[in-house]
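The values are calculated or read from the model by the stated rules, or taken from the named source; none is laboratory data. It should be emphasised that the depicted structure is a prediction, and the values quoted were computed from it without experimental measurement. Positions of Cβ are backbone-derived with ideal geometry, glycine not excepted, and every protein chain shown enters the neighbour counts. These accessible areas exclude ligands, DNA and RNA; they are computed on the full protein's heavy atoms, side chains included. Shrake-Rupley method; radii C 1.70, N 1.55, O 1.52, S 1.80 Å.
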Amino acid sequence: MGTSRKRVTKLRPIEDRGRIYIENVTPAVDAGRYRTKAQVGVALPVAADVLRDGHDLLRAVVRFAPRKARKWGEAELTYDALGDRWHGAFAATAVGLWKYEVEAWTDRFGTWRRDLEKRAAAHQDLDVELEVGAELIEARAKKATKTTRAVLATALKNIRAKKHTGEGPTDSRVQAALDDALLAAMRALDPRTDSVTSPTLELTVDRKLGVVGAWYEFFPRSTGERAGEHGTFRTAIERLPHIASMGFDVIYLPPIHPIGTAHRKGKNNTLIADKHDVGSPWAIGSKAGGHTAVHPDLGTLADFDAFVRAANGENLEVALDFAVQCAPDHPWVKQHPDWFQHRPDGSIRYAENPPKKYQDIYPIDFDTKDKQGLWNALRDVLAFWVSHGVKVFRVDNPHTKSFAFWEWAIDSLKADNPELVFLAEAFTRPKVMATLAKLGFTQSYTYFTWKNTRWELEAYLRELVGEHANYFRPNFFANTPDILHEYLQTGGAAAFRIRLALAATLSPTYGIYSGYEFYENVPLREGSEEYLDSEKYQLRQRPLDAKGSLVPMIRTLNETRRAHPCLESLTNLVFHHADKDAILTYSKRTGDDCVLVVANLNPHSVEEATVHVDLSALGVSPSRPYQVRDVLSNDAHLWQGGANYVRLSPEHPVHVFHVTQS
């Protein structure tokens with residue numbers, strides 16, 4: 001028989017990762033692949049799971065700094081025993097890119113202090129334990145400042161006193177050891193000997209306008225003094241005081257560039273244009289120039305500069321449309337034919353969204369071999385307008401262009417101009433819209449226009465205030481030149497009032513396209529969301545002094561948005577119950593500032609209901625009455641408790657209540 005042998009397994013070297021683990025740091029977008037977004041000066045909540053084996057206490061902080069800075073700030077995280085999670089916050093003090101991470105370490109003095117308190121309560125012999133604490137204090141005193149050293153010296157003297165003044169918790173030595181001033185001094189001197197740090201995350205910090213603002217879209221070419229007369233930047237300047245008086249922050253202009261003549265569209269998107277048809281501004285480029293030129297009928301580049309200055313003088317910022325497409329007679333078509341797709345017959349493929357055809361537009365081919373040349377040219381277009389005072393861009397259909405391009409271009413431009421704001425006009429699949437926001441777009445168009453029932457609005461807003469809130473900032477446009485929803489077509493003036501109030505109070509950023517204030521609601525045909533006599537293809541002069549317009553309501557809502565900080569946030573939204581499906585009730589509260597909105601979503605009839613509000617969400621006591629004052633009518637009511645009656649008519653379909661309790 002042979003001799004049996006024992007098999008020897010080679011031991012793997014140990015991998016000591018330490019005793020502290022930091023997991024699930026939030027906010028983090030796709031585990032840090034993309035940046036979280038924040039507003040300058042506004043606290044960003046941070047949380048993490050911080051774990052250690054054993055029973056020793058931990059301390060944790062969030063560390064933060066501008067991305068290129070070496071010196072970090074930090075804010076303490078506190079432990080929530082109920083959720084077994086650590087929470088804190090910090091506020092970035094400047095616009096730009098920031099970094100943040102969570103650091104944790106064993107709280108040796110805090111652990112000793114906790115255990116001493118327990119031992120004292122049990123009346124145990126504390127001489128040895130007090131000396132352990134004294135040695136901890138002595139070790140840290142070596143690096144203390146003069147003031148802190150005095151605190152530690154006093155504590156040491158009292159902890160090592162030989163005379164006992166009592167027993168257990170009343171012992172003067174124990175009281176000295178548990179002194180709050182000593183705890184603060186020891187915390188400041190904590191050596192963090194076993195410190196662990198989470199992976200570093202990045203943060204895009206935007207100025208307030210990137211988060212909060214009211215937008216107004218209008219066509220400068222429609223500002224002519226007489227019907228049929230083409231407006232200019234100079235005539236558009238005359239409209240600025242009126243727009244500013246309504247309380248808007250941003251004035252958004254569709255493309256202002258030369259419009260192609262080849263295959264120009266006529267009124268209502270007809271294929272045949274006559275000599276008086278002005279064409280679509282989105283058919284960019286002609287012999288007069290391309291994306292860095294202005295339409296000759298609007299004026300000169302100097303006139304545009306004057307328009308920007310005038311707008312800024314009215315506390316308005318100009319947003320320009322950036323449409324990555326060309327008319328057939330755009331200079332790029334001849335200069336860079338390889339930037340476009342060609343059919344087998346040699347012709348260039350025009351834009352289509354079957355069954356729709358856009359013969360006046362050539363889309364850009366992002367699969368061109370000259371990718372670097374194309375990307376540089378498009379980025380340089382944006383940089384050109386930045387040099388002319390434009391800091392806000394509404395980007396047309398970015399989801400049909402290269403995702404990689406947007407991430408590169410926005411990063412490149414914001415590296416030198418962190419104050420830039422980019423709005424993604426992408427009405428497409430949810431995940432595509434979310435990805436564009438992750439790639440760097442500051443704000444995003446949404447499905448708000450198509451959410452008109454209580455169930456739809458509540459479900460959609462809950463989605464927006466959830467995990468998406470870390471990177472997706474909604475801009476609630478109530479209408480656009482392309483979107484006239486059936487709700488507005490058939491709901492009369494009440495529908496316009498309802499949607500305006502919802503847009504202005506649900507989202508920190510919202511907008512309207514000119515004509516909204518005059519209840520323009522006639523579609524091209526039944527079942528269409530296109531306007532009849534669309535301004536995309538013709539001039540539309542509008543009288544600013546029209547009686548019965550929405551201008552007073554717009555002004556009041558924008559004044560209310562400025563007066564109430566609670567309306568500048570999205571995530572503080574709370575829905576309340578009403579016993580009628582047509583009644584939508586929600587509130588927003590920041591500190592003592594609270595606004596409660598009750599809206600009748602049925603524009604055709606009176607609705608009566610009992611609304612059941614969560615008093616804790618309003619910040620009021622259930623034992624005392626509270627006042628609700630409607631900022632739209634200035635009517636005030638005293639409510640008591642959570643259940644209250646409302647009656648809303650088509651003439652007055654919305655309450656926007658300021659809630660107070662003295």
Checklist line | Search result, residues across the range 391-434 that are assigned to a loop (DSSP other than H, G, I, E, B), closer than 25 Å to N353 by Cα and open to solvent by 10 Å² or more (accessible area, probe 1.4 Å) | finding: N397, K401, S402, F427, T428, R429
Checklist line | strands (runs of 3 or more DSSP E) fully within the range 61-165 counting 2 or more residues that are open to solvent by less than 50 Å² (accessible area, probe 1.4 Å) and in contact with a Leu (Cβ under 7 Å, 6 or more places away or on another chain) | finding: 85-90, 96-106
Next item on the list: Just give me the residues in the range 636-662 being open to solvent by 20 Å² or more (accessible area, probe 1.4 Å) and in contact with a Lys or Arg (Cβ under 7 Å, 6 or more places away or on another chain), in sequence order.
Entry: A636, H658, Q661
Margin query: What are the pairs with Cβ atoms under 7 angstrom where one residue, in the range 441-453, is under 18 Å from L203 (Cβ atoms) and at pLDDT below 95 and the other, located anywhere, is among the hydroxyl-bearing types (S, T, Y) and outside any helix (DSSP H, G or I)? Sequence gap at least six, or different chains.
Written below: none
Note to self: Return the residues of the range 435-450 that are among the small types (G, A, S) and open to solvent by 10 Å² or more (accessible area, probe 1.4 Å); say none if nothing qualifies.
What the structure shows: G440
Check: Taking the range 29-53, which residues are in contact with a Phe, Trp or Tyr (Cβ under 8 Å, 6 or more places away or on another chain), in a loop (DSSP other than H, G, I, E, B) and among the hydrophobic types (A, V, I, L, M, F, W, C)?
Finding: A43
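Output the residues belonging to the range 235-246 that are open to solvent by less than 10 Å² (accessible area, probe 1.4 Å) and either farther than 29 Å from L301 by Cα or in a loop (DSSP other than H, G, I, E, B) (or both).
Restricting attention to the range 235-246, the residues satisfying the condition of being open to solvent by less than 10 Å² (accessible area, probe 1.4 Å) are 236, 240, 243, 246.
Listed by number, the list holds a single entry, M246.
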Notebook entry, point to check: Can you name the residue in the range 346-379 that is loosely packed, with under 12 Cβ neighbours inside 10 Å and modelled with pLDDT of 95 or more and is also farthest from the chain's Cα centre (by Cα) among such residues?
Noted result: K369
Check: Under the condition of being in a helix (DSSP H, G or I) and open to solvent by less than 20 Å² (accessible area, probe 1.4 Å), which residue from the range 214-234 is nearest to H564 (Cα to Cα)?
Finding: P220
Check: What number of residues within the range 186-213 satisfy the criterion of being surrounded by 22 or more Cβ atoms within 10 Å (Cβ to Cβ) and closer than 28 Å to H257 by Cα?
Finding: 2
Next item on the list: Restrict the check to the range 334-348 and report whether at least one residue is touching a residue at least 60 places away in the same chain (Cβ under 8 Å) and more than 18 Å from H257 (Cα to Cα).
Entry: no
Check: Which numbered condition trips up K438, out of (1) free of Cβ contacts under 8 Å to residues at least 40 places away in the same chain; (2) within 16 Å of the chain's Cα centre (by Cα)?
Finding: (1)
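Residues that are polar (S, T, N, Q) and open to solvent by less than 10 Å² (accessible area, probe 1.4 Å): list the helices (runs of 4 or more DSSP H) wholly contained in the range 451-525 that include at least 1 such residues.
492-506
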Next item on the list: Select, from V620, V595, the only residue that is in contact with a Cys (Cβ under 7 Å, 6 or more places away or on another chain), closer than 24 Å to L567 by Cα and surrounded by 18 or more Cβ atoms within 10 Å (Cβ to Cβ).
Entry: V595
Notebook entry, point to check: What tally of residues in the range 247-297 results from selecting those that are open to solvent by 30 Å² or more (accessible area, probe 1.4 Å) and over 32 Å from the mean Cα position of the chain (by Cα)?
Noted result: 18
